[in-house]
There are 4 protein chains.
Amino acid sequence: MNPFGDPEKPQGSFIAVPVSIHFGDTDPYGVVYFASYFRYCHQGIEALFERLGLPPHLYFRNSERGFGLPIVGASCDFYRPVKYGDKLTLKVCVKHLKAKSVTFGFFFYKENSEDLVAKGEATIVAIDRNWKSCALPDDVRSALEKFAGDLN
Amino acid sequence: MNPFGDPEKPQGSFIAVPVSIHFGDTDPYGVVYFASYFRYCHQGIEALFERLGLPPHLYFRNSERGFGLPIVGASCDFYRPVKYGDKLTLKVCVKHLKAKSVTFGFFFYKENSEDLVAKGEATIVAIDRNWKSCALPDDVRSALEKFAGDLN
Amino acid sequence: MNPFGDPEKPQGSFIAVPVSIHFGDTDPYGVVYFASYFRYCHQGIEALFERLGLPPHLYFRNSERGFGLPIVGASCDFYRPVKYGDKLTLKVCVKHLKAKSVTFGFFFYKENSEDLVAKGEATIVAIDRNWKSCALPDDVRSALEKFAGDLN
Amino acid sequence: MNPFGDPEKPQGSFIAVPVSIHFGDTDPYGVVYFASYFRYCHQGIEALFERLGLPPHLYFRNSERGFGLPIVGASCDFYRPVKYGDKLTLKVCVKHLKAKSVTFGFFFYKENSEDLVAKGEATIVAIDRNWKSCALPDDVRSALEKFAGDLN
């Protein structure tokens, strides 16, 4: 038994988002192109924000409130080829929640299976009007804390 | 002889832009996806603006000067399949230059050939701060006039 | 009363598809970029095929059955700016159904409104193994006929 | 002095590739979207392959020779915002060359500066017809070895 949890699965709370594969998402051989997964990851963050009552267009950048939430790092590993015609389920969880940043975890499965095809993470940092890092806005922080439960 | 010119070729002045086909530009069968051509068309407009001394980022939208140049219509016909590994040359010309709008013509050829693979057009309209159509900015108009020659 | 129908609305049967606007779909000013609409149109065709029981990955190209359904022409007009954060509904209908081709109509509305923001069309032609045009496969034709009703 | 080299710069041989930022590459706020960098990375690999005399369309997948070179992992860190209108230079190097895989390093700079805006890497594995990992094709290996010099 792994005391750190199963690395194949999200720890704690997660949302499951269906991912549709479209023309333009694949390489010329019909296999989903690695860069597309990062777009899917972003769509996963958008879906999580929606679920938390944080409309993405008011949170990724909010000039009135004077903050932004840019992504400062991302990585993904790709385990199996996924083809046009396949359907995926993306599970999004909160891996690390810190004062100024949050790291999301992404787990891609073939639909209706536990077949992990890719796994990644991305870190968002809160910035102020001068692109200096700052504390996460309170409402973002509390929504993420509530979602992540006792994970962090 | 066609008094209206050869519909297979740009009329008057044009610039020739190399088009690279990348992963993500094709359908799952390795053929350039129709929507990608519209991205190439936009890259053609950007290249033309650059050539005319109009830096795209200062012209597609200029909040200080209070104008924008959104695309209000576009069309393209696709004659032959183009595959990843092919190289294209895009010729961009000015088809119609009016007080408030300009229509660009796009001709896509296999590199170093007269093999027309796709042909399209797109129309840009000048708008003011309220998204009302207005006269093209003088510098845009004069650069396009000079480029288009006696075509219009 | 317009005997040809309201050009602002799809004629006959249509499906309504929600369109999500994602990062990468907009121009640098936050307005949906014209080329993105053509991707949405393709997603609309995919959704229609799904609805008709024609899995897209078995129909856009089918090497076993020896046919393909490439897009040979597309156009779109853009009436109003759509921003990141807006939600759209895309209505897809069959405009013309011919022996060897089908033209789809696309109507983009702000969600829950009759505010038409863009309107386009795209034509698919059936091709055989040699990229020669041929009759639409029978199952495609009959599914589209049934969907389109007495329109054509 | 850092015995491991300057982490801000490619070690050993590299190629420098100009990166153009286009509509569709940015977030709605005009800043290059993190997923776009991964597309640029792939363009960097394509450029390197071209430079090495390995035409990308014959090497990422080659059904006749029975191999493929899919990307199995990628990561990138983003240090500064890059806007539409900025120009970038991407330096691509070989970080690790192993029997069955190669890891490329990517360094993004503002054009004509040493201002590092993003840094990433991506690993390609050679696979056979059954998607099992296998030795890199000899010509790929020798071209990369020659390019990378005595680095590995």
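Are any of the residues in the range A:101-111 of a type outside the set (Lys, Arg) and at pLDDT below 95? So that I can check it myself, show each step before the final result.
The first filter runs over the range A:101-111 and keeps only residues of a type outside the set (Lys, Arg), leaving A:101-109, A:111.
Filter again for at pLDDT below 95, leaving A:111.
Yes, that holds for at least one residue.
For the range B:133-148, indicate whether the set of residues that are touching a residue at least 40 places away in the same chain (Cβ under 8 Å), crowded, with 16+ Cβ neighbours inside 10 Å, of a type in the set (Val, Ile, Thr) and part of a helix (DSSP H, G or I) is non-empty. Checked against the condition, which is being touching a residue at least 40 places away in the same chain (Cβ under 8 Å), crowded, with 16+ Cβ neighbours inside 10 Å, of a type in the set (Val, Ile, Thr) and part of a helix (DSSP H, G or I), the range B:133-148 yields at least one hit.
Scanning the range B:22-45 for residues that are on the phi < 0 side of the Ramachandran plot, in a loop (DSSP other than H, G, I, E, B) and touching a helix residue (DSSP H, G or I) at 6+ places or on another chain (Cβ under 8 Å) gives B:HIS22, B:PHE23, B:ASP25, B:PRO28, B:TYR33.
Residues that are within 14 Å of chain B (Cβ to nearest Cβ) and under 17 Å from D:TYR37 (Cβ atoms) were ranked within the range A:26-44; the one that is surrounded by the most Cβ atoms within 10 Å (Cβ to Cβ) is A:TYR37.
Rundown of residues vs (1) in a strand (DSSP E or B); (2) within 14 Å of chain A (Cβ to nearest Cβ), yes/no style:
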site: C:ALA47; (1), (2): no, yes
site: C:GLY53; (1), (2): no, no
site: C:VAL72; (1), (2): yes, no
site: C:ARG80; (1), (2): no, no
site: C:VAL92; (1), (2): yes, no
site: C:ALA99; (1), (2): no, no
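Each residue in the range A:112-132 was checked for being at pLDDT 95 or above and under 20 Å from the mean Cα position of the chain (by Cα), and 12 of them qualify. The residue pairs whose first member lies in the range D:95-121 and is touching a residue at least 60 places away in the same chain (Cβ under 8 Å), whose second member is buried (at least 17 other Cβ atoms within 10 Å of the Cβ) and in a loop (DSSP other than H, G, I, E, B), and whose beta carbons are closer than 6 Å, counting only pairs six or more residues apart or on different chains, are D:GLY105/D:PRO10; D:PHE107/D:PRO10.
Give me the residue from the range D:60-70 that is part of a loop (DSSP other than H, G, I, E, B) and at the interface with another protein chain (Cβ under 10 Å from one of its Cβ atoms) and, out of that set, farthest from the chain's Cα centre (by Cα). So that I can check it myself, show each step before the final result.
First pass over the range D:60-70, keeping only residues part of a loop (DSSP other than H, G, I, E, B): D:60, D:63-66, D:69-70.
When the remaining residues are screened for being at the interface with another protein chain (Cβ under 10 Å from one of its Cβ atoms), the result is D:60, D:63, D:70.
Numbers: D:PHE60: 13, D:SER63: 23, D:PRO70: 13 Å.
It comes out as D:SER63.
The single condition among (1) surrounded by fewer than 20 Cβ atoms within 10 Å (Cβ to Cβ); (2) in contact with a strand residue (DSSP E or B) (Cβ under 9 Å, 6 or more places away or on another chain); (3) more than 29 Å from B:TYR59 (Cβ to Cβ); (4) more than 7 Å from every other protein chain (Cβ to nearest Cβ) that D:HIS57 does not meet is (4). Quick check on the range B:104-125. Is at least one of its residues touching a Lys or Arg at 6+ places or on another chain (Cβ under 6 Å), assigned to a strand (DSSP E or B) and more than 17 Å from B:SER75 (Cα to Cα)? No, the conditions are met nowhere in the range B:104-125.
The values are calculated or read from the model by the stated rules, or taken from the named source; none is laboratory data. It should be emphasised that the depicted structure is a prediction, and the values quoted were computed from it without experimental measurement. With ideal geometry, Cβ positions are generated from the backbone for all residues, glycine too; neighbour counts draw on all protein chains shown.
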